[in-house]
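Working notes, structure below.
The values are calculated or read from the model by the stated rules, or taken from the named source; none is laboratory data. Since the model is a prediction, treat every value here as computed from it, not as a measurement. Quick reminder, even Gly has a Cβ in these numbers, built from the backbone with ideal geometry, and neighbours come from all protein chains shown.
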Amino acid sequence: MSLEVCVLASGSAGNCTVVRTPAGTLLIDAGIGPRTAAQRLAGTGASVSDVSGICLTHLDHDHFNKNWLTSILNRGINVYCHESRVDDLVRVALGPRPAREELDRFVARVLTFDRDLFEALPGLSVRPLRFAHDREGSHGFVLEGFGCRVGYATDLGRVPHTLGEDFDDLDLLAIESNYDRQMQLDSPRPWFLKNRIMGGGGHLSNEQAFDAVRLILNQCESRGRAYPAHVVLLHRSRDCNCPERLRRLFSRDVRVAPRLVLAEQYERTEWLRPKREAPYVGGQLQLAWG
């Protein structure tokens, strides 16, 4: 077995992605509780008891669920958190006045990262990428090991100018495509919320995500590298987006259509495994505008 990925949940009601390797199983975010995660994992050949690490993009309630506390303490699960957010993580997990023994046990399981590469599992390296999401920011990750390279980016705010280089030569690309701009504008949401989401510090629109994916695929072509086996769209808004609009937009590029995966809020994806294809020669089939 090489590295494989399964998105258990993606959206404002909870985010959780499983990365399974020969050396163990890692979660990217734990925004659904362990009971729900166990239900989603049923029949996949993996279980919650396999999880040895949780890598957090940030601490919004849909990315870390405090119901994981018992599993973290009793099963010795490591929690990877940015060094600036440890105190916040403790408050989310334990409340404002935790018992000393429980505090010590939990803090012993928290491993911090900054901008440097770290090893989340034996043989699996993780490089954090800083994103401009809300006041505290968030992080994406490049995971590499066992012959595979995965780029994971959600809650970006905006596409950083370095994303193309950071996400070079991927086997799997996962990126948020949160909202349709017109649906957002037409929604009954208050203007302050619309502005937060669309103002460069919230989420990516479908068009921004599409442009980012095309940039990465263009780079594959220019460097003679294979395309990612899968392009996974994360964190779709239930109110201001829809699968049909997403598929219609992303299918305008014939390179994307056969590898497109829409992550869902209430059902898992299949196991996504690397099986890359070489780019079209010269990019002559790059676009099919409809």
| message | Among the residues of the stretch 202-212, are any more than 22 Å from the chain's Cα centre (by Cα), in a helix (DSSP H, G or I) and either closer than 19 Å to Leu156 by Cβ or modelled with pLDDT of 95 or more (or both)? | response | no
Within the stretch 9-23, the residues that are over 10 Å from Glu264 (Cα atoms), outside any loop (DSSP other than H, G, I, E, B) and in contact (Cβ under 8 Å) with a residue 60 or more places away in the chain are Thr17, Val19, Arg20, Thr21
Exactly one of Val48, Val92 is in contact with a Pro (Cβ under 6 Å, 6 or more places away or on another chain) and either over 27 Å from Tyr179 (Cα atoms) or crowded, with 17+ Cβ neighbours inside 10 Å (or both), and that residue is Val48
Considering every residue within the stretch 56-67, establish whether at least one is modelled with pLDDT of 95 or more, more than 19 Å from Val7 (Cα to Cα) and crowded, with 17+ Cβ neighbours inside 10 Å.
no
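Out of the residues in the stretch 213-239 that are basic (Lys, Arg) and not in a helix (DSSP H, G or I), state the one that is modelled with the highest pLDDT.
As a first pass, look at the stretch 213-239 and keep what is basic (Lys, Arg): 214, 223, 225, 236, 238.
If we keep only those that are not in a helix (DSSP H, G or I) too, we end up with 223, 225, 236, 238.
Values: Arg223: 94, Arg225: 93, Arg236: 97, Arg238: 94.
For the stretch 213-239, the residue satisfying everything is Arg236.
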Of those in the stretch 207-224 that are touching a strand residue (DSSP E or B) at 6+ places or on another chain (Cβ under 7 Å) and buried (at least 18 other Cβ atoms within 10 Å of the Cβ), the residue farthest from Ser237 (Cα to Cα) is Cys220
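Each row is one residue, and each column tells you yes or no for (1) in contact with a helix residue (DSSP H, G or I) (Cβ under 8 Å, 6 or more places away or on another chain); (2) among the basic types (Lys, Arg).
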residue	(1), (2)
Lys66	yes, yes
Ser71	yes, no
Arg91	no, yes
Arg100	no, yes
Leu103	yes, no
Thr112	yes, no
Phe118	no, no
Leu121	no, no
- Assess whether His161 counts as being within 26 Å of Glu221 (Cβ to Cβ) and either without any contact (Cβ under 8 Å) to a residue 12 or more places away in the chain or part of a loop (DSSP other than H, G, I, E, B) (or both). yes
Note on the stretch 33-73: residues in contact with a strand residue (DSSP E or B) (Cβ under 7 Å, 6 or more places away or on another chain) and part of a loop (DSSP other than H, G, I, E, B) are Thr44, Ala46, Leu56, Thr57, His58, Asn65
Residues of the stretch 123-154 being in contact with a Leu (Cβ under 6 Å, 6 or more places away or on another chain) and among the basic types (Lys, Arg), in sequence order, are Arg127, Arg149
